[in-house]
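Undergrad: I have a structure here, written as structure tokens, and I will follow up with some questions on it.
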Amino acid sequence: MNTRWLKGKREFEQEMNEELQFHIEKQIRANLAAGMHPDEARRQAKAQLGALEGVKENCREQRRGFWLESLWSDVRYAVRVLRKSPGFTAIVVITLGLGIGASTAIFSIVNAVLLRAPFKDSSQLVLLHEGLPKMGFSRMSFSPPDFALFAREQKAFSVLGTFLNEHMDISGGGEPDRILVSRVSATLFPMLGIEPALGRNFSPQEDAPGHPVGILSYSLWQRRYGGKANIVGQQIDLDRQPYVVIGIMPRGFEFPLPGAEDNGSPADLWVPMAVTPGELQNWGGLYLTSVVGRLRPGVTLDQARAEVAALAPGILASYPAVIRNAIGQAKLDITAFPFHHEIVGSVSTLLLVLMAAVSCILLIACANVATLLLSRSGTRQREIAIRTTLGATRSRLVRQLLTESVLLATSGGALGFVLAIWLKTVLLAFVPSSIPLPLNIPISGGVLAFALCVSLFAAVFVGLAPTLHVSSHATRTPLHDGGRGMTASRARRRTQGVFVTAEFALALVLLIAAGLLIRSFARLVETSPGFRDDHLLTLNIPLPRHAYSHASQLREFYQQLLDRVSNLPGVQNATVSSDLPLHMTEMVSFGVKGRSSVEGKGPQAICQTWVVGNYFQTMGIPLIEGRWFTPGDRSGSQQVAIVSAHTAKTFWPGQDAIGKNIRWGGGPWDTVVGVVGDVKQGPLDRPLDPHVYRPYNQAADGLLEDDPFNDWHAMNLVLRTQTDPLSTASAAVAEIHSLDPDLAVANIQTMEQVIRSSVAGSKFNTFLLGAFAGVALFLAAIGIYGVLAYNVSQQSREIGIRMALGAQRSSVMRLVLRQGTRFALIGCGIGVAAALALTRLMRSLLYNTSPADPTTFAGVVIVLVVVAFVA
């Protein structure tokens, strides 16, 4: 302990006491000289000097370092006061902890996804797209020949990087596995400011065919190779071809970032882009390569947009004449968007809605605590009056009471920070894969600073109104009144009423938001996917290109597989298809015979599925008109296709689609031989696209071998079973391995699981916002109960008089209920107006539900009024 400080304090106190005593004695002598009685002279002298303790306090404030001593004194006193009411203190700390914890947890995610720049100078990174809007392709990735021309002509970007995701089989060092591999240009990682934790990046020389090297992700390194550093320099097999590992990426690094429209899944391994001569000659196709660029110093985004738009016509003019004729009058667009915005755009609305929700909970929690402190202030009026009589100034009282509020809020903040760490971990663990959020988000210094700021905000919010109310009344309340004035009670009740009304308004906004999501989700799950999802097992079977390079090998493998699995016990039907409902990705340009001349439209974007076997019978898709595919629909026979009902209505409204002709690009015309029911190609909340089905056996040998979309080497096996589909999985995998033991079978799941996965994002949004709304409703109910209970206790004398004069119990009950209902109705009115303005922001999260849905609004208002009535 600092003895000099103690000695200085003692000397100051002694000098101050001696000086005050000197002034008192001097005044006493003056009073005696005026003829006063000695006792009266002493009393008058002290009265003229004022409250002795107050004078001493004013003197102490002039001493250096007094503010620190005073603060420490306030803290010690606040701790003693709060320890005397452990129940009250625990309720306040827990309430604030819940509000601060929820806010901090969601902010940690918002900070990591929306606010924090993931790469070096992220604001200068731009994602580029090509587009053929007249053909229905408004935003595509680049094709290799287009990018080569663009990179040569552009001036706005100092460097360009490219990436393209592909699935590959990895073998060696364990069982074969199917992983996501991203082909990246050698410029990409240096442009992003990323260096491997072990090894090195790709060199420019390796960004060409003939350099089989790869960089492992940290998770793949740990999962498959046990984190052994000597894997760098070793050989692994990708699609049965040898690659050399040259690096390991840092822990937590993800690329591509989840959320991008194309190539938006983090890779397990990266290899050089190494564009082949064949890809560079694929004009009008392979729009698969994502392009990101870094703006040159001094170049704005608008300037870059103007330049890339001007380059598009020249690139289109370089297309071979046959391709230009095939796409008709379509115009090529090139667009540029901020890279970070493109990545987070799909989740920004959800995160902002959740941030608004937890902010409402924090405000409700603060309002609840403020009402508790106001109620408690009534019991402290006598204490404050005594301190005022002894000379405590109003600022001193405010400081003391705010110290108690800060102590409560910081305790709640500490609890909230611990809860935030736990809540953030739980939320991320339950986030479905359809919501592109990172799985690991650290608690950064910014999140800690946010928690501290929220705690200070809570301290001021919960402490200012009660503090000013108590101190202002105490300074004018005589001690003998005991601090119980009628005016003070009315003012206190009015302030509490304002807080409760605000709580109900905020709770109503949250409940309406949750109600809209619940109503939207109910309509979503009622949406028919267009097929029978029961007893369906699906398996993805990727065939390595080098091992299955000929079309005859592909056809033979899939036909032999169908023949084998069709005879498995419990299997009713079997089929193979290039994609599956709810996960269809192949969008191609189809021409409709006679459509361009009649309607002035060229080729249109359409979903395309290649099938082998009894696809429609297996999937349970109804035939509306015409016929199914038959074994006779093979190479050399008439080219045929089956279209969906939506396609028939879109292309031939009011006509019979059977016999009509469509074609892919400049290929031969296909004759429509059947119309089937509509099937959801993507998530259930997405609108239908035109859809065509084609027999796999009619695909040209060159297309199967070139396989531009990697669909024909990674077909899906679908089995309809009589028993639990998963019980057939091991037998089906055994049949696959009997044909090729080195194949890695992927995505073994039932179609019921696929549908649950499709709605998982909406279910998660609904549950999370519903849980927050439930907490808000609970806090609002507690708030109105606390206020009414306090008001009734304060009016016990008035109620007793009323009953003594003949008032009935029911009339007293109506009086109390009228007070509570008034708070709720005013809060509901304010909340409805706020909800009408704010729920418009949720439009993208809703399915077949209006943001101003009257049923939801009316139902929530009724629920809130009932809760208020019960409370």
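Undergrad: Can we say V447 is modelled with pLDDT of 80 or more and open to solvent by less than 60 Å² (accessible area, probe 1.4 Å)? Reasoning before the result, please.
TA: Details: modelled with pLDDT of 80 or more: yes; open to solvent by less than 60 Å² (accessible area, probe 1.4 Å): yes.
In short, yes.
Undergrad: Here is a list of conditions, (1) of a type outside the set (V, I, T); (2) more than 22 Å from A117 (Cα to Cα); (3) modelled with pLDDT of 90 or more; (4) buried (at least 17 other Cβ atoms within 10 Å of the Cβ), and L188 meets all of them except one; can you say which number that is?
TA: For L188, the failing item is (2).
Undergrad: Residue by residue through region 229-241, note down the ones that are open to solvent by 20 Å² or more (accessible area, probe 1.4 Å), under 18 Å from E175 (Cα atoms) and of a type outside the set (D, E, K, R). Give the steps one after another, and end with the answer.
TA: Going through region 229-241, the residues open to solvent by 20 Å² or more (accessible area, probe 1.4 Å) turn out to be 229-230, 232-235, 237, 239-241.
Add one more test, that the residue is under 18 Å from E175 (Cα atoms), and what stays is 234-235, 237, 239-241.
The answer is Q234, Q235, Q241.
Undergrad: Report the residue count in region 818-835 for those that are farther than 27 Å from E526 by Cα, surrounded by 21 or more Cβ atoms within 10 Å (Cβ to Cβ) and under 26 Å from the mean Cα position of the chain (by Cα).
TA: Total satisfying the criteria: 1.
Undergrad: Does S434 count as at pLDDT below 75, under 30 Å from E342 (Cα atoms) and open to solvent by 30 Å² or more (accessible area, probe 1.4 Å)? Let's see the steps before the verdict.
TA: Working: at pLDDT below 75: yes; under 30 Å from E342 (Cα atoms): yes; open to solvent by 30 Å² or more (accessible area, probe 1.4 Å): yes.
Here the answer is yes, as S434 does meet what is asked.
Undergrad: So for region 242-249 (the condition being surrounded by fewer than 18 Cβ atoms within 10 Å (Cβ to Cβ), over 20 Å from L188 (Cβ atoms) and more than 26 Å from the chain's Cα centre (by Cα)), does at least one residue qualify? It would help to see each step written out before you state the result.
TA: Going residue by residue through region 242-249, those that are surrounded by fewer than 18 Cβ atoms within 10 Å (Cβ to Cβ) are 242, 244.
From what's left, over 20 Å from L188 (Cβ atoms): 242.
Filter again for more than 26 Å from the chain's Cα centre (by Cα), leaving 242.
Scanning region 242-249, I find at least one residue that is surrounded by fewer than 18 Cβ atoms within 10 Å (Cβ to Cβ), over 20 Å from L188 (Cβ atoms) and more than 26 Å from the chain's Cα centre (by Cα), so the answer is yes.
Undergrad: I need every pair where a residue in region 426-451 that is free of Cβ contacts under 8 Å to residues at least 24 places away in the same chain has its Cβ under 7 Å from the Cβ of a residue that is open to solvent by less than 60 Å² (accessible area, probe 1.4 Å), sequence separation at least 6 or different chains.
TA: Listed pairs, sorted by first residue: L439/L428.
Undergrad: Yes or no: M135 in contact with an Asp or Glu (Cβ under 7 Å, 6 or more places away or on another chain) and at pLDDT below 90? Even if it seems obvious, please write down each step before you answer.
TA: Values: in contact with an Asp or Glu (Cβ under 7 Å, 6 or more places away or on another chain): no; at pLDDT below 90: yes.
Judged against the criteria, M135 is not a match.
Undergrad: Also, I was wondering about something else. Among the residues of region 254-272, is any within 30 Å of F764 (Cα to Cα) and surrounded by fewer than 16 Cβ atoms within 10 Å (Cβ to Cβ)? Give the steps one after another, and end with the answer.
TA: Quick first cut of region 254-272, residues within 30 Å of F764 (Cα to Cα) only: 254-269.
Narrowing the set further to residues that are surrounded by fewer than 16 Cβ atoms within 10 Å (Cβ to Cβ) leaves 261.
Checking region 254-272: at least one residue is within 30 Å of F764 (Cα to Cα) and surrounded by fewer than 16 Cβ atoms within 10 Å (Cβ to Cβ).
Undergrad: Restricting to region 496-539, give me the number of residues that are over 25 Å from V358 (Cβ atoms) and of a type in the set (V, I, T).
TA: The qualifying residues number 3.
Undergrad: On to the next question. I'm told G483 meets every condition in (1) on the phi < 0 side of the Ramachandran plot; (2) at pLDDT below 80 except one. Can you identify the failing condition by its number?
TA: (1)
Undergrad: Report, by residue number, each residue of region 583-603 that is farther than 22 Å from L536 by Cα and at pLDDT 70 or above.
TA: M587, V588, S589, F590, G591, V592, K593, G594
Undergrad: Separate question: Return yes or no: is R200 charged (D, E, K, R), in contact (Cβ under 8 Å) with a residue 12 or more places away in the chain and under 24 Å from D711 (Cβ atoms)?
TA: Numbers: charged (D, E, K, R): yes; in contact (Cβ under 8 Å) with a residue 12 or more places away in the chain: yes; under 24 Å from D711 (Cβ atoms): no.
So R200 does not fit the description; no.
Undergrad: Here is a further query. Considering only region 644-665, I want to know if a residue exists there that is small (G, A, S), touching a helix residue (DSSP H, G or I) at 6+ places or on another chain (Cβ under 7 Å), open to solvent by 10 Å² or more (accessible area, probe 1.4 Å) and closer than 18 Å to W610 by Cα. Outline the logic, then answer.
TA: Going through region 644-665, the residues small (G, A, S) turn out to be 644-645, 648, 654, 657, 659, 665.
Cutting the leftovers down to touching a helix residue (DSSP H, G or I) at 6+ places or on another chain (Cβ under 7 Å) gives us 657, 665.
Filter once more, keeping what is open to solvent by 10 Å² or more (accessible area, probe 1.4 Å): 665.
Imposing the further condition that a residue be closer than 18 Å to W610 by Cα reduces the set to 665.
So far as region 644-665 goes, yes, one or more of its residues are small (G, A, S), touching a helix residue (DSSP H, G or I) at 6+ places or on another chain (Cβ under 7 Å), open to solvent by 10 Å² or more (accessible area, probe 1.4 Å) and closer than 18 Å to W610 by Cα.
Undergrad: Taking region 115-155, which residues are of a type in the set (K, R) and under 14 Å from V292 (Cβ atoms)? I'd like the intermediate steps shown before the answer.
TA: Keep residues of region 115-155 that are of a type in the set (K, R), which gives 116, 120, 134, 139, 152, 155.
Correct list: K120 only.
Undergrad: Any idea which residue in region 836-859 is surrounded by the fewest Cβ atoms within 10 Å (Cβ to Cβ), counting only those that are at pLDDT 85 or above and part of a helix (DSSP H, G or I)?
TA: P854
Undergrad: Further, regarding this structure: Would you tally the residues in region 670-697 being in a loop (DSSP other than H, G, I, E, B) and of a type outside the set (S, T, N, Q)?
TA: First, the residues of region 670-697 that are in a loop (DSSP other than H, G, I, E, B): 677-690.
In the following step, the residues that additionally are of a type outside the set (S, T, N, Q) were identified as 677-680, 682-690.
Qualifying residue count for the region: 13.
Undergrad: Could you please give the count of residues in region 284-318 that are open to solvent by 40 Å² or more (accessible area, probe 1.4 Å) and within 22 Å of D207 (Cβ to Cβ)?
TA: 2
Undergrad: Specify the residue that is modelled with the lowest pLDDT; the eligible residues are those in region 383-413 that are in contact with a helix residue (DSSP H, G or I) (Cβ under 8 Å, 6 or more places away or on another chain) and surrounded by fewer than 16 Cβ atoms within 10 Å (Cβ to Cβ).
TA: Start the filter on region 383-413 by keeping residues that are in contact with a helix residue (DSSP H, G or I) (Cβ under 8 Å, 6 or more places away or on another chain), which leaves 384-394, 396-413.
Now narrow it down to the ones that are surrounded by fewer than 16 Cβ atoms within 10 Å (Cβ to Cβ): 386, 389-390, 394.
Numbers: I386: 60, T389: 58, L390: 53, R394: 62.
The qualifying residue modelled with the lowest pLDDT is L390.
Undergrad: Give the residue, chosen from D633, D685, D678, that is touching a residue at least 24 places away in the same chain (Cβ under 8 Å), under 30 Å from R564 (Cβ atoms), touching a helix residue (DSSP H, G or I) at 6+ places or on another chain (Cβ under 8 Å) and surrounded by 15 or more Cβ atoms within 10 Å (Cβ to Cβ). Can you show your working first?
TA: Working: D685 fails: under 30 Å from R564 (Cβ atoms); D678 fails: under 30 Å from R564 (Cβ atoms).
Criteria check complete, one pass: D633.
Undergrad: Can you tell me which of H691, H713 is within 22 Å of W628 (Cα to Cα) and crowded, with 20+ Cβ neighbours inside 10 Å?
TA: None of the other options fit; the residue is H691.
Undergrad: To continue, here is another question. Which residues, taken from region 322-378, are surrounded by fewer than 20 Cβ atoms within 10 Å (Cβ to Cβ), among the polar types (S, T, N, Q) and at pLDDT below 85?
TA: Of everything in region 322-378, those that are surrounded by fewer than 20 Cβ atoms within 10 Å (Cβ to Cβ), among the polar types (S, T, N, Q) and at pLDDT below 85 turn out to be N325, Q329, S346, S348, T349.
Undergrad: In this structure, is L452 under 31 Å from the mean Cα position of the chain (by Cα), open to solvent by 30 Å² or more (accessible area, probe 1.4 Å), within 28 Å of G827 (Cβ to Cβ) and modelled with pLDDT of 75 or more?
TA: Here the answer is no, as L452 does not meet what is asked.
Undergrad: Related question: Find the helices (runs of 4 or more DSSP H) located wholly in region 47-113 whose residues include 2 or more that are in contact with a Lys or Arg (Cβ under 6 Å, 6 or more places away or on another chain) and modelled with pLDDT of 70 or more, and list them.
TA: Values: elements: 52-60, 66-83, 86-110.
Because the criterion is at least 2 residues that are in contact with a Lys or Arg (Cβ under 6 Å, 6 or more places away or on another chain) and modelled with pLDDT of 70 or more, the helices (runs of 4 or more DSSP H) in region 47-113 that meet it are 86-110.
Undergrad: Report yes if A117 is of a type in the set (G, A, S), under 17 Å from the mean Cα position of the chain (by Cα) and at pLDDT 80 or above, otherwise no.
TA: no
The values are calculated or read from the model by the stated rules, or taken from the named source; none is laboratory data. In this text the structure is predicted, and so the values were computed from the model without any measurement. Quick reminder, even Gly has a Cβ in these numbers, built from the backbone with ideal geometry, and neighbours come from all protein chains shown. What goes into the accessible areas is simple: the full protein's heavy atoms, side chains included, and nothing from ligands, DNA or RNA. Shrake-Rupley method; radii C 1.70, N 1.55, O 1.52, S 1.80 Å.
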